[in-house]
Every structure is written in structure tokens, then in C-alpha cells.
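Since the structure comes first, as C-alpha cells, the remarks are kept for the end.
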Amino acid sequence: MKSTQATQEEYFSFLRSVSLLRDLPEEKLAKIVDCLEIDYFDKGEYIIREGEEGNTFFIIAKGEVCVTQTTEGCTEPQEIKTLGVGDYFGEKALISEDVRSANIISTENDTQCLVVDRDNFNQMVGTYEELQAYLKEYVEELSRCDERRNAR
Ligand code: WNU
């Protein structure tokens, strides 16, 4: 990401406030800031589509998104939760080496997401065992939730 130093520092302190990244060493976090892309989404825009291939991890810097999923016996995807600033998503496809397992839709105009690609995600998570274990467990829990609601 090319940006002013002020912006870099803003992203740095924002990332520090994200619970998942709280304990990452300084230089790791700085590296993530260097590789970040920022994406902007309007209300109703799909950030992730169920069934598509995905190679990115997202952290919400502004706005709100909802998570929907196709379930057995329903024609419309069902809304399963909403996520806001400091929340993240898209880790599951990266960790399970699978296609996207839900839709992520912006529910506000000018929702801003910090986007980390697969290589940088692996670097961020891979060299940090606690983070890896935490996310792996979380992703398994999501799969159990999916089964319970009969996701397709
Ligand atoms: C859920 N089932 C599935 C959420 C975000 C981060 C964490 C929950 Cl650690 P992907 C679609 C994304 C998926 C998850 C997110 O949607 N998601 C869920 C569920 O119940 N996915 N299958 N809840 S919000 C959330 C925990 O990030 O990753 O790459 O794309 O499959």
C-alpha cells in the first residue's frame, strides 16, 4: 500500500485495536500495513460470494456487512450475522483451502475493508502458532454451525 506516513500510522494503530492482531509483534504488524489494500463497497454490494474461489482476508475499517448463506429448504440465502468495524472475515476459504462458504454483503455505503492476500495472510498467521490454532478452531466451529443450519 502506498500512502502517507500519517495514514500508515493510522492503519497501524487500527490494526493494533483488532483483537485478533493484538499480540502480533511490531514488525509483523508493520509488514501487514505495508501490504494492505483498501477496498470500498456500496450498500448492497457483494464483497464475497458463496461458492467462489477466494484468496483474500478482510478486516472492516469502516461500515458494516451482513453474512448470508444458502440453506437446505430455503430459496433465499439466510442472514446469519452482521459484522462491524474491527471484525474480520474470509479466513475460512484460506484456512480450509475451500471455496467461499457464505456471502458477505455491504449494508452501508462507503464500507471500507483492509484486504490481505493469501501470501501475506499465511505470513501473518503461519509464523504465529497461537493465532493459527485460534483461527483453525474458529473455522471448525463455523463448519459445525453450518451443519446445524443445514448449509449447502
Ligand atoms: C458461519 N459460517 C461460515 C461468519 C468471521 C470470522 C470469524 C465468523 Cl473468525 P469464507 C465467507 C465468510 C467465512 C467467514 C464468514 O463468512 N462467516 C461464516 C460464518 O457461520 N462462514 N461458513 N460466520 S462471520 C465470521 C468467524 O469468515 O470465510 O472465506 O467466506 O468462507
(message) Condition check: closer than 26 Å to residue 128 by Cβ and part of a helix (DSSP H, G or I). Does residue 9 satisfy that?
(response) yes
(message) Of all residues being outside any helix (DSSP H, G or I) and β-branched (Val, Ile, Thr) in region 97-131, which is farthest from the ligand (Cβ to nearest atom)? Just the residue, please.
(response) 127
(request) State all residues of region 106-152 that are of a type in the set (Gly, Ala, Ser) and closer than 25 Å to residue 63 by Cα; if no residue qualifies, say none. (result) 106
(request) Output the strands (runs of 3 or more DSSP E) that fall wholly within region 31-96 and possess 1 or more residues being farther than 28 Å from residue 13 by Cβ, hydroxyl-bearing (Ser, Thr, Tyr) and in contact (Cβ under 8 Å) with a residue 24 or more places away in the chain, or say none. (result) 46-48, 65-69
(request) Test each condition in (1) within 15 Å of the chain's Cα centre (by Cα); (2) buried (at least 17 other Cβ atoms within 10 Å of the Cβ); (3) away from the ligand (no atom under 11 Å from the Cβ) for residue 83 and report the one that comes out false. (result) (3)
(message) Tally up the residues in region 39-59 that are more than 10 Å from the ligand (Cβ to nearest atom) and under 10 Å from residue 106 (Cα atoms), please.
(response) 7
(request) Restrict the check to region 14-24 and report whether at least one residue is outside any strand (DSSP E or B), open to solvent by 40 Å² or more (accessible area, probe 1.4 Å) and free of Cβ contacts under 8 Å to residues at least 24 places away in the same chain. (result) yes
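The values are calculated or read from the model by the stated rules, or taken from the named source; none is laboratory data. Being a predicted model, the structure only gives us computed values, none of them experimental. Quick reminder, even Gly has a Cβ in these numbers, built from the backbone with ideal geometry, and neighbours come from all protein chains shown. For accessibility, only protein heavy atoms count, side chains too; no ligands or nucleic acids. Shrake-Rupley method; radii C 1.70, N 1.55, O 1.52, S 1.80 Å.
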